[in-house]
Every structure is written in C-alpha cells, then in structure tokens.
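Q: Sharing a structure, written as structure tokens. Questions coming.
The values are calculated or read from the model by the stated rules, or taken from the named source; none is laboratory data. Since the model is a prediction, treat every value here as computed from it, not as a measurement. With ideal geometry, Cβ positions are generated from the backbone for all residues, glycine too; neighbour counts draw on all protein chains shown. Please note that ligands, DNA and RNA were not included when accessible areas were found on the heavy atoms of the full protein model with its side chains. Shrake-Rupley method; radii C 1.70, N 1.55, O 1.52, S 1.80 Å.
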Amino acid sequence: MSAPTSHKTRKLLDHMQALLSLPTISSANPAIDMSNMPVIEYLAEQFSALGFQCEILPCASTHGHAKANLIATLGSGPGGLVLAGHTDTVPMDPELWSVNPLAVTEKDGRLYGLGSTDMKGFFALILEAIQPFLGQPLKQPLIVLATADEETSMSGARLLAELGKPKARYAIIGEPTGMRPIRAHKGVMMESIRLQGRSGHSSDPALGINAMEAMHDVLGELLRYRSELQQRYRNPLFLIDKPTMNLGCIHGGDNPNRICGHCELEFDIRLLPGMQAEELRTEIDSRLRPLAERWKVGFEFTPLFPGTPAFLCPAESDLVKTAERLTGHASATVAFGTEAPYLQDMGIDTIVLGPGDIDQAHQPDEYLALDRVQPCIDLLRGFITHYCL
Ligand SMILES: [Zn+2]
C-alpha cells in the first residue's frame, strides 16, 4: 500500500471511479458498442457546478446508441486553451483482467482500470488541476473538450471540424505520451481493390478473364506508385521518414484448374504530414482504372474507412516551445493516430501530451502510474497559467 491518500487525492479518485465505472466502449461491432452519454453527462454536471458553460453536441448515433461531444468553457476571449480527451474506450476481455476493469483499483503505486490511461483518467486530472483557477478572472478562456468515438470512426472530432468548434488558439490532447510533448504523427488510409474477371476451364485461357493475372499488374503498379511517393515525400521527424504502403491481404480464385474469376486486395498507406488521402485516392484510381480496362475486368476501388489525417504542429508554435520548456523534453512524434489533425486544421495549434504510457493502452490491466498524477496536474496548471491568466 502507498502512503495514506489525502483529501485531494480522494476527490481525484472519486472522479476517476465515477468515470471508469460508466462503461463507454466504442466498437464497430454492434454487439459491444455503447453510448458515451453517461460520461458526457457526468462531466457536464461536474464542470457546470464549477462555473463552466457546458454545451453538449450530439453526434450521429451508432447502432442505436446516442453519442455526443461536450465543450465546457470557463471565461471568454479570442484566444484560449483547450484541454481535450476522448470519452470512449476500446473493448476489453474481463477474464484477462486481474482487477475489475470498470472501477479504479489502487495497487502497487498504480491506478488500474479500463480508460485509466487511455484516457478517461485525464478528465479526473483536469478536474483537480483547475481548482486554483476557479475563483480568478481568466484573460482567455479555458475549454475542456470531451469527444465521442475516437477509438472507432472519430465521428466526434469530425463533427467538431464541420461545426468549427471550439474556437481557441491552443489545444492539448491528453493521450498517453509519457508526459512528452508530441507535435506530429502520420495519418493512415486503408483501401480495398476488387477485380471481377470471368472463370472458365483452365485448359483454354480464352474461356475466361483471369482476375489474378490482372491483379498481378495492379500490384506492380501500386509498388511503382509507392516508390514514387517515397521519392516525393520525406520527413526526418519520423523514425520511418517516408510514407509506407503495406499490401496486407489478397484473396482470389478457388481451384487450380479454374480461371481465377475474382481477386481482392487490401492495403494501407501511412501518410506523412502534407499528404491528403483524397488526392492519393484520385491518383491511384487514375493509374489502375485504365489497367483494369485493358484487362476487361470489373474494377472497384473503395476505402475501408475514411482514414485518419496526418498531424503536424509547427516547431515554432508558442505551444510547442511552452510544452518543451514546461516538460523539459524536446517535442517528438508518435506512431499512433489521434484527433489532433482535426483541431490543428481548425487553426488551433495542438500538441498531444498526457500522463499515461501508450504501452499500457488497449490491453488487460491498463493502469496509470500514481507518480504521474501530481506532475501532470502541475504541468496542466503551468499551461493554464501561461495561456489563460
Ligand atoms: Zn486514446
């Protein structure tokens, strides 16, 4: 057991307990997808009681489950700081957990629970961090943003981009980064290509159109396109400093003595900042469609999901410099995607910076180390002092 918990820690743990005990799993699987309204309502209640103006923005519901974002604002003005997080979690396997995933368990200097680190726990830290500022007039607004469906469709962030909300100058997203400021990540698109040929007896190639052979040409063209992209785009900020394309799976045909009538490929592309998924789709389409016409195969090219944009906040942004000064760490990049590009594209300089570690996320016995709690609260207070007072 750790040292006796103070009154302050008690309150923080109460908030965390409340947030984690309200399950808000988002999933493409209708059987396990849930509404995030209980957490949105809990946060709205808490922030309203502290004097924040709360606006609940309903998003498209999924599988009949209501989803919403929350924008809670204290103070007013043209600038302002957003502290942002998503309210949903990934699904879980309760049988693999050694503690109750839908509760906070304090054990071995850690706070265990689903969403402790990724990332409902961040809201409990915000509720604690804002305490000293509640009685004071703010020169610029402090905005808490809680979003829906980050783990699946990012529909919450997409809605914000459509509405142009919130209005602010700077944003910090408290995803697990081990307290290091992140100012860039790659984007991703996942695509599928279906070629429809015609099966026939393999003894005479003229009896059909071989979709697998057509796909062979498609693969060659995609790999040529990949090399061109890698010539065109480079960014030394990233460990893998070029865009990548992975040919992930391929299915086609059924028997060695039948002409392959149908072949299907799925692949992904990891985008560097500056690359737009829609532009790439147009280029891929214009390279592959004529090839399919030459082969006389049916050609379907469809995204498997809309894609996540790449994200880059300029190194010279005051937010990046302030984050580097307050944390003592140079800004860096991560391999995972976040909602940051949506905020950045609205003209809000954004960094990703939170108390958890990404290797704790999306797995059984997810936890937030207790020794991260106070440093994160102090850090948030540093940002609020710098941008709102
Ligand atoms: Zn997350």
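Q: Tell me, what is a quarter of the convex hull surface for the C-alpha atoms of segment 266-389, in nm² with one decimal?
A: 11.0
Q: Which FRET efficiency value, to the nearest 0.05, do you get for residue 330 and residue 31 by plugging their Cβ-Cβ distance into 1/(1 + (r/R0)^6) with R0 = 30 Å?
A: Taking R0 as 30 Å, the efficiency between residue 330 and residue 31 is 0.10.
Q: Averaging over every viewing direction, what projected area does the convex hull of the Cα atoms of segment 19-65 cover, in nm²?
A: So the mean shadow area of the Cα hull is 3.6 nm².
Q: Where is the GNM fluctuation largest for the chain (alpha-carbon springs, 10 angstrom cutoff): 143, 173, 193?
A: 193
Q: To the nearest µm²/s, what D does Stokes-Einstein give for segment 77-211 at 37 °C and 0.692 mPa s, using the Kirkwood radius over alpha carbon pairs as Rh?
A: Diffusion coefficient, whole number: 170 µm²/s.
Q: What ranking do 285-292, 176-183, 14-21, 214-221 get when scored by the average of other Cβ atoms within 10 Å per residue, highest first?
A: Ranked from most to least packed, the peptides come out as 176-183, 14-21, 214-221, 285-292.
Q: Between residue 63 and residue 14, what is the spin-label point distance in nm, taking each point 7 Å from the Cα along the Cα→C-beta axis?
A: 3.4
Q: I would also like to ask the following. Can you tell me which aspartates and glutamates have their Cα less than 12 Å from the Cα of residue 321? Leave out same-chain residues fewer than eight positions away.
A: Within the straight-line limit of under 12 Å, residue 321 reaches these aspartates and glutamates: 349.
Q: Give or take rounding to whole Å, what are the principal axis extents of the alpha carbon atoms in the chain, in descending order?
A: The Cα atoms of the chain stretch 83, 47, 35 Å along their principal axes.
Q: Could I ask something else about it? What are the ³J(HN,Hα) values, in whole Hz, obtained from phi via the Karplus relation 6.51 cos²θ - 1.76 cosθ + 1.60 with θ = phi - 60°, for each residue of segment 221-226 in sequence order, with x given for Gly and Pro?
A: Those phi angles translate into 5, 4, 5, 5, 4, 4 Hz.
Q: Report the calculated FRET efficiency for residue 108 and residue 230 (r = Cβ-Cβ distance, R0 = 41 Å), to the nearest 0.05.
A: 0.35
Q: Something else about it: Identify, among 132, 71, 304, the residue whose Cα sits farthest towards the positive end of the charge dipole of the chain, taking +1 on the Cβ of Lys and Arg and -1 on the Cβ of Asp and Glu, with the dipole about the Cα centre.
A: 132
Q: Add -39500 (n - 2.57) for each DSSP H run of 4 or more in the chain, then divide by its residues: what number comes out at 222 nm, to the nearest 500 deg cm²/dmol?
A: -9500 deg cm²/dmol
Q: While we're on this one: Using θ = phi - 60° and the Karplus relation 6.51 cos²θ - 1.76 cosθ + 1.60, list the HN-Hα couplings for segment 115-127 in order, rounded to whole Hz, with x at every Gly or Pro.
A: Couplings: x, 4, 9, 10, 8, 5, x, 4, 5, 5, 5, 4, 4 Hz.
Q: Using a 1.4 Å probe, how large is the accessible area of residue 342, given in Å² and rounded to the nearest 10?
A: Only protein atoms counted, so the area is about 20 Å².
Q: In addition: Taking a point 7 angstrom from the Cα of residue 246 along the C-beta vector, which residues in segment 217-240 have backbone N less than 16 Å away?
A: What the label zone holds, given the 16 Å backbone N cut-off, is 239-240.
Q: What length, rounded to one decimal in nm, is gained on full extension from residue 21 through to residue 134, with 0.36 nm per residue of separation minus their alpha-carbon distance?
A: Contour length minus Cα-Cα distance gives 38.0 nm.
Q: I need the calculated FRET efficiency for the pair residue 41 and residue 76, taking r as the beta carbon distance and R₀ as 35 Å, to the nearest 0.05.
A: 0.90
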